[in-house]
């Protein structure tokens, strides 16, 4: 990677990158990219993919009616206003 590309990455990441850092980062990035090239060169054509993941979500057979538990939930809230749970302002 060029020094300009390193500076652009720093700008996009909103971090200040000094000239000394660009030299060090360029060397680090070259090492990383060379390692990725080694990984890409590995022949995996005879490897059978193993998928151990499966979707565990389910379809709701009998979903609850909208608002069915609203009053129960609002009754448990410490502060309610106009049908909503009132919380502290954070901004």
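What the table below lists for this structure:
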item	result
Pair list, Cβ under 6 Å, 6 or more apart: segment 1-24 residue at negative phi and at pLDDT below 90, other residue part of a helix (DSSP H, G or I) and loosely packed, with under 11 Cβ neighbours inside 10 Å	none
Residue 70 under 30 Å from residue 87 (Cα atoms), surrounded by 10 or more Cβ atoms within 10 Å (Cβ to Cβ) and free of Cβ contacts under 8 Å to residues at least 60 places away in the same chain	yes
Residue satisfying all of: in segment 27-83; farther than 30 Å from residue 7 by Cα and in contact with a helix residue (DSSP H, G or I) (Cβ under 8 Å, 6 or more places away or on another chain); modelled with the lowest pLDDT among these	83
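The values are calculated or read from the model by the stated rules, or taken from the named source; none is laboratory data. Remember, it's a predicted structure, so these values are computed and weren't measured experimentally. With ideal geometry, Cβ positions are generated from the backbone for all residues, glycine too; neighbour counts draw on all protein chains shown.
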